[in-house]
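First comes the structure, then the notes that go with it.
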Amino acid sequence: MELTLYGRPNPRQAEFFASTAAHTAYGGARGGGKSWAMRRKLVLLCLGYKGLNCLLLRRTLPELRENHVIPLLKELGDAAAYNATERVFRFPNGSRLKLGYCDGANDVYQYQGQEYDVIGMEEATHFTEEQMRFLTTCNRTTRKDFKPRMYYTCNPGNVGHGWVKRLFIDRRMEDGERAEDYAFIPASIYDNEILLSANPEYLRALESLPEDMRRAHLYGDWDAMAGQYFREFSRQRHVIAPFELPRWWRRFRSMDWGYNDPCCVLWHAVDGDGRVYTYRELYVRQQRADQVAQSIIKLSGDEEISYTVASPDMWQKRGAILKGDGFEGESLAELFARGGVPLASADNARIAGWQRVRGYMADGADGKPMWQAFDCCENLIRTLPMLMYSPHNREDAADGEDHAPEALRYGLMSRPNKSSIKELPKRRAYDPLGSTRPAKSFMNQ
Ligand SMILES: Nc1ncnc2c1ncn2[C@@H]1O[C@H](COP(=O)(O)OP(=O)(O)O)[C@@H](O)[C@H]1O
Ligand SMILES: [Mg+2]
């Protein structure tokens, strides 16, 4: 049997083919030929090595079908046998190429315990960092003639923008990551002559996009952040060095509960102008309610905390973990109350809540934002700018690593609307008794 693979790689695609780094990303502009290169690379590996086990992933099934199953069926002809139920291409030399998707946050766990010599993540920025990390644990091999590898294609924007940019563009490595394991090949639509000559309207469509989307999709500019939910968030303006908080400032906490997902607790203080400072965070995984309550109490020390708002579902969710993965017993809210942290139910109106956050990110009368975070709130600062617009609702934020932003939203929803802060009577310059401050009411001082 003879297989003729049509098309020759353009120079960027050739670089992608040649890379043998543990992690190779091909990213940037749309239409540069990334998906083509990913498909072709995996097929070439399957043909080149006997018995190779490859996995190609996309976020959703329709995308997988359109982008890979149909083109692969066409490109491979009878060079590989396709099993549609398993979604596996089997090559005569024993190699297999499995195609998968991870629609829900937990769908990656179906690959638990499996071993793939090569994993390709198409549109890697559509995957969360947790999903990527989990998949790297499946990228292993027992063979001597092959080092396991991951290949990524990516466009700027979406929930995975942060980790792709950190690893491949900014190259800010964290524990256990080695810079030499990460190779990045920038894609430009101008590399893809075939597309440019066959479909010049596509280029014109990209050129006429709004500025930041054009920068992201046409030039592959990773700073443009197409789809970022909080564009107003600025490290310079919203993140400050910790300072001693006056004792008379009101303090409160907010929590987004999670067990397998992170659980985030934020501590906030309010100054006399209604400005909110988020001064501490707790960000933990796989801790029981009583353990989290204990940490909250310990971190709070002798601070006087007025109240703690938390997701309303904590009154429905059970807290005790069964041997399987179910939960039983008292509600999480009850467990927290018993652990010494009574909770108040947060206002969970999402769009209004995000609007409230936006309102607080805006400047007050003195030209300073009405909300700021101490620089020790690392996870909040890291994940706020990563929040993306939801593909399903133009006003909402997408799911992703949103536990700290959610906790912030609950917290600020317990505060007055920023527009009403503006209407407060102006305080006199000297106000020792604070007599011009408005009357306090629960949670809305
Ligand atoms: N080297 C190539 N030879 C033939 N066709 C190609 C080549 N590279 C890309 N194409 C075609 O160009 C179009 C855009 O490529 P694609 O891989 O979908 O881009 P991207 O994933 O970067 O948006 C597709 O129709 C693809 O088949
Ligand atoms: Mg593509």
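Quick look at the values:
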item: Residues of the stretch 206-240 classified as within 16 Å of ligand 1 (Cβ to nearest atom) and at pLDDT 85 or above, total; result: 0
item: Test: residue in the stretch 109-131 that is under 16 Å from the mean Cα position of the chain (by Cα) and of a type in the set (Ser, Thr, Tyr); result: yes
item: Every pair of residues 6+ apart whose Cβ atoms lie under 6 Å, when the first sits in the stretch 25-36 and is at positive phi while the second is in a helix (DSSP H, G or I); result: Gly31/Ile189; Gly31/Leu195; Gly31/Tyr202; Gly33/Gln13
item: Selection within the stretch 234-275 - over 30 Å from Gln131 (Cα atoms), in contact with a helix residue (DSSP H, G or I) (Cβ under 6 Å, 6 or more places away or on another chain) and among the β-branched types (Val, Ile, Thr); result: none
item: Among the candidates Leu99, Leu76, residue that is farther than 21 Å from His23 by Cβ, surrounded by 18 or more Cβ atoms within 10 Å (Cβ to Cβ) and not β-branched (Val, Ile, Thr); result: Leu76
item: Among residues of the stretch 72-87, those that are closer than 15 Å to Cys54 by Cβ, in a loop (DSSP other than H, G, I, E, B) and free of Cβ contacts under 8 Å to residues at least 24 places away in the same chain, counted; result: 2
item: Any helices (runs of 4 or more DSSP H) falling wholly within the stretch 172-280 and containing at least 3 residues that are within 21 Å of Trp36 (Cα to Cα) and not small (Gly, Ala, Ser); result: 193-198, 200-207
item: Search result, residues across the stretch 148-157 that are outside any strand (DSSP E or B) and either within 16 Å of ligand 2 (Cβ to nearest atom) or closer than 14 Å to Gly48 by Cβ (or both); result: Asn155, Pro156, Gly157
item: Residue in the stretch 380-391 that is basic (Lys, Arg), assigned to a helix (DSSP H, G or I) and closer than 15 Å to Val276 by Cα present; result: no
item: Residue tally, condition assigned to a helix (DSSP H, G or I) and in contact (Cβ under 8 Å) with a residue 60 or more places away in the chain, over the stretch 101-124; result: 1
item: Residue within the stretch 89-100 that is of a type in the set (Phe, Trp, Tyr), away from ligand 1 (no atom under 14 Å from the Cβ), in contact (Cβ under 8 Å) with a residue 60 or more places away in the chain and assigned by TED's automatic domain parsing to the domain that holds Ala179 present; result: no
item: Selected residue (only one of Gly32, Gly27, Gly7 is surrounded by 21 or more Cβ atoms within 10 Å (Cβ to Cβ), within 16 Å of ligand 2 (Cβ to nearest atom) and in a loop (DSSP other than H, G, I, E, B)); result: Gly32
item: Residues that are more than 21 Å from the chain's Cα centre (by Cα) and near ligand 1 (Cβ under 9 Å from one of its atoms), drawn from the stretch 22-39; result: Gly31, Gly32, Gly33, Lys34, Ser35, Trp36, Ala37, Met38, Arg39
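The values are calculated or read from the model by the stated rules, or taken from the named source; none is laboratory data. Being a predicted model, the structure only gives us computed values, none of them experimental. Methodologically, a virtual Cβ is constructed for each residue, glycine included, from the backbone with ideal geometry; neighbour enumeration extends over all protein chains shown.
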